[in-house]
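K.L.:
I have a structure here, written as structure tokens, and I will follow up with some questions on it.
The values are calculated or read from the model by the stated rules, or taken from the named source; none is laboratory data. Note that the structure is predicted; figures quoted are calculated from it, not measured. Here the Cβ positions follow ideal geometry from the backbone for every residue, glycine too, while neighbour counts run over all protein chains shown. What goes into the accessible areas is simple: the full protein's heavy atoms, side chains included, and nothing from ligands, DNA or RNA. Shrake-Rupley method; radii C 1.70, N 1.55, O 1.52, S 1.80 Å.
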Amino acid sequence: MSRIYPDLLEVARRTVQFEAILHAFVVLVALAQGRDSVPAERLASRAWYRDAKFGMFVHWGVYSLLGQGEWVMQNRPIAVPDYEWLATTFNPVKFDARAWVSLAKAAGMKYITITSRHHDGFSMFATRATRYNIVDWTPFKRDPLKELADECQRQGIKLFFYYSQLDWHHPDYWPRGSTGHNTGRPESGDWNRYLDFLDAQLTELLTNYGAVGGIWFDGMWDKPNAEWRLPQTYALIHRLQPGALIVPNHHQAPLPGEDVQTFEQDLPGANTAGFNTKTIGGLPLETSLTMNDSWGFNLTDHHYKSTRELIHYLVRAAGVGANLLLNIGPRPDGTIPPEAEQRLREIGQWLATNGGAIYGTRAGPIAPRSWGVTTQRGDTVFVHVLDWSDPTLALPALGAGRWRAKSWPDGKVLQVMQATGGVTITLPAGGEPADRIVALTHR
């Protein structure tokens, strides 16, 4: 045959080669897409998130009435019928969305993450999935999350919804996890029906409140080995709002479909809280922190961190490339405790002057030290000196080239001594500011 059809065989040979090349190309494209399968909208949201650096966390709900924190239903414990009655008295008549958002802006915060539903199972928004919500169950009859969403839109603040996957109230949260065993629920339920309920509420949150920054999940740690249907739920979120970020507080390494890795009461990589993973992935990072010792309103908890301590935590978070989500626990009438408001305004005053060394930066070239951290934006390295009393500071080598140093933000030239092993800088003189900042650039 080869003698009879030489041209045909040559065509066939070339065709096989072409198909092989085409197949290899398709495989490479598929692999590339697998590595970079995140849509442009979410990539843009992640980039914005990395730059934002500072957000307000809000824990507010029926539990605020008792002034004992957000775990009061579990800790006392309180049975479902009693807690349901308590919910009928929730009437935050002094809630003012404009005041809340204005305070976040004054603090220099770029986004707000608020509890749409906490572990007590009470929905703080209008929902058709259950009557157990602030509009249908309470004399307040208003949807504070809608008011907050509208005000965030007006003032240019992004809004994220905290959503508890754990539920101490819902009868279908079954089998039980590690908490919520003493609320008087029936010892049976339909787990898939509960997950359907969860997805129905998420659909409402992502449909009725305009553009949402993302969903901040909490509570999966209650049943870490359960079938949570994460791929289905995550796909639902990404379909309804392609730019919305998924922020899971599950204390594990990042899972497929997630957008932010968050750490509770810890800087990324640390585990002083006892439950955070030390594994850090490649996603944007966040640390959430209480301003006192409680997330939800606690009447007797006046153990507030000082403004200086909070600024230091914000700076140290930026030094490891993370955002700080700083919590407030509004009172049951909807007002914010004055201790919290005072600190937020003071942080905002500090950021108004020094925010250029925080916003839009990434972790600097020097790993965190006892004296402070470094951040970097473009070719500028910001040295944040938080705890150092000497007039000079020795730094490890920062790479090739000569460096110039200026105090930030006033731009005063500072002395630099450079040697093979590193750089020694003269620090800004005068006073004891929360953060002495030096900007290093190449000459």
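K.L.:
Determine the alpha carbon to alpha carbon distance for each of Lys110/Lys146; Lys53/Lys305; Lys158/Lys223 and list only those over 23 Å. Working shown, then result.
P.N.:
On the way: Lys110/Lys146 18 Å; Lys53/Lys305 19 Å; Lys158/Lys223 30 Å.
Flagged as over cut-off: Lys158/Lys223.
K.L.:
Please state the charge dipole magnitude for the chain, taken about the Cα centre, from unit charges on C-beta atoms (+1 on K and R, -1 on D and E), reported in debye and rounded to the nearest 20.
P.N.:
Dipole of the chain, to the nearest 20 debye: 1420 debye.
K.L.:
So, one more: Given only helices, namely DSSP H runs of n ≥ 4 each adding -39500 (n - 2.57), what is the per-residue ellipticity at 222 nm of the chain, to the nearest 500 deg cm²/dmol?
P.N.:
Rounded to the nearest 500, it is -9500 deg cm²/dmol.
K.L.:
Can you work out the Karplus-derived ³J(HN,Hα) for every residue in segment 332-343? Use 6.51 cos²θ - 1.76 cosθ + 1.60 with θ = phi - 60°, whole Hz, and x for glycine or proline.
P.N.:
Running phi through 6.51 cos²θ - 1.76 cosθ + 1.60 with θ = phi - 60° gives x, 7, x, 8, 9, x, x, 4, 5, 4, 4, 5 Hz.
K.L.:
Name the residue, out of Pro391, Pro224, Pro284, whose mean-square fluctuation peaks in a Gaussian network model built on the chain with Cα pairs under 10 Å.
P.N.:
Pro391
K.L.:
Could you pull out every residue, at least 5 positions away or on a different chain, whose amide H is within less than 5 Å of the one on Val373? Hs are placed 1.01 Å off N in the peptide plane, and Pro or chain starts have none.
P.N.:
Close amide H contacts, sequence-distant or interchain: His384, Leu386.
K.L.:
What residues qualify as long-range amide H neighbours of Gln68, i.e. H under 5 Å apart, gap of 5 or more or another chain, H built at 1.01 Å from N?
P.N.:
Under 5 Å from the amide H of Gln68: Leu299.
K.L.:
According to a simple spin-label model (label point 7 Å from Cα along Cα-to-Cβ), what is the distance in nm between Trp85 and Ser102?
P.N.:
Placing both labels 7 Å along Cα→Cβ, they lie 4.0 nm apart.
K.L.:
Over the Cα atoms of segment 344-395, what Rg and Dmax result, in angstrom?
P.N.:
12.0, 34
K.L.:
Moving on to the next point. Give, to the nearest whole percent, the P(r) tail of the chain beyond 31 angstrom, counting all Cα pairs.
P.N.:
On the way: 46790 of 97903 pairs.
Looking at the chain, the distances longer than 31 Å represent 48 percent of pairs.
K.L.:
Let me ask something else. Extending each Cα 7 Å along its Cβ direction at Lys412 and Gln252, get the distance between those two points in nm, one decimal.
P.N.:
5.3
K.L.:
Looking at segment 227-325, I'd like the Rg to Rh ratio, where Rg is from alpha-carbon atoms and Rh is Kirkwood's inverse mean 1/r.
P.N.:
For segment 227-325, the value is 1.03.
K.L.:
What accessible area per residue, rounded to a whole number of Å², is obtained for the chain using a probe radius of 1.4 Å?
P.N.:
Working: 19750 Å² over 443 residues.
About 45 Å² of surface per residue is accessible.
K.L.:
Could you pull the Cα extents of segment 85-215 along its three principal axes, largest to smallest, in whole Å?
P.N.:
Principal axes ranked by extent give 48, 29, 25 Å for the Cα atoms.
K.L.:
What list of ³J(HN,Hα) couplings, whole Hz, do you get for segment 111-128 from phi and the Karplus terms 6.51, -1.76, 1.60, once you set θ to phi - 60° and write x for glycine and proline?
P.N.:
Result, ordered by residue: 7, 10, 10, 10, 6, 7, 7, 9, 5, 6, x, 8, 8, 8, 8, 6, 9, 8 Hz.
K.L.:
How far is it, in nm, from the label point at Arg239 to the one at Thr279 when both lie 7 Å from their Cα along the line to the Cβ?
P.N.:
2.9
K.L.:
Please list, in chain and number order, the residues 5+ apart from Asn323 or on another chain whose amide H is under 5 Å from its amide H, with Hs placed from the backbone.
P.N.:
Leu285, Glu286, Thr287
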